[in-house]
Amino acid sequence: MSSSKVVFVTGVSSGIGRATAVQFAKRGCQVFGSVRDARRAEAIPGVEFVEMDVRDADSVKRAVALIIGKAGRIDVLVNSAGGTLLGAVEETSVAEAQALFDTNEFGILLTS
Ligand SMILES: NC(=O)c1ccc[n+]([C@@H]2O[C@H](COP(=O)([O-])OP(=O)(O)OC[C@H]3O[C@@H](n4cnc5c(N)ncnc54)[C@H](OP(=O)(O)O)[C@@H]3O)[C@@H](O)[C@H]2O)c1
């Protein structure tokens, strides 16, 4: 088991999650990063990809179990996976809003 911090960053295929994972890896942490499709994600040195969709409880359980199995623990969780919905309320469907909440709000609850 590694003595360095074990960090799990969600949504490392792009954006804030990717930048965060890069910085943790540079600081010597053992970093796991979630992606929804590992075949499409560009590798990050020092970051091990774990496939996970934050809207899917079973997928989250599998990803966490995989990390615990490999590293023994998770010291730091960074919830970066998320989407954005821009537009007037009148132009937003309930389905679009629910999909955003499933990712940005309930996704955090599932991983915590
Ligand atoms: N960038 C900013 O300045 C800023 C400021 C304030 C708030 N935010 C919020 O922070 C969040 C991330 O922003 P960002 O700029 O980093 O966005 P981004 O570049 O679009 O990255 C989003 C990440 O979340 C992942 N993701 C999306 N839905 C997912 C799901 N259901 N399960 C697992 N992973 C999922 C994406 O993975 P895939 O490749 O699988 O799609 C991607 O890795 C967003 O909610 C955004 O609104 C951003």
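The values are calculated or read from the model by the stated rules, or taken from the named source; none is laboratory data. Note that this is a predicted model, so its numbers are computed, not measured. FYI the Cβ positions are ideal-geometry reconstructions off the backbone, even for glycines, and counts take in every protein chain you see.
Observations on the model:
- Set side by side, the residues Asp58, Asp37 differ, and just one is in contact with an Asp or Glu (Cβ under 9 Å, 6 or more places away or on another chain), charged (D, E, K, R), exposed (fewer than 13 other Cβ atoms within 10 Å of the Cβ) and at pLDDT 95 or above, which is Asp37.
- Search result, residues across region 1-41 that are within 7 Å of the ligand (Cβ to nearest atom), in a strand (DSSP E or B) and either β-branched (Val, Ile, Thr) or in contact with a His (Cβ under 9 Å, 6 or more places away or on another chain) (or both): Val35
- In region 42-61, the residues that are on the phi > 0 side of the Ramachandran plot form Cβ pairs under 8 Å with partners that are more than 10 Å from the ligand (Cβ to nearest atom), at six or more places apart or across chains, as follows: Gly46/Ala25; Gly46/Lys26; Gly46/Val31.
- Look at (1) assigned to a loop (DSSP other than H, G, I, E, B); (2) in contact (Cβ under 8 Å) with a residue 60 or more places away in the chain; (3) β-branched (Val, Ile, Thr) and you find that Thr84 fails only one, number (2).
- Condition met for Ala97 (in contact (Cβ under 8 Å) with a residue 24 or more places away in the chain and not aromatic (Phe, Trp, Tyr)): no
- Single condition Val47 does not satisfy, out of (1) buried (at least 18 other Cβ atoms within 10 Å of the Cβ); (2) within 11 Å of the ligand (Cβ to nearest atom); (3) of a type outside the set (Phe, Trp, Tyr): (2)
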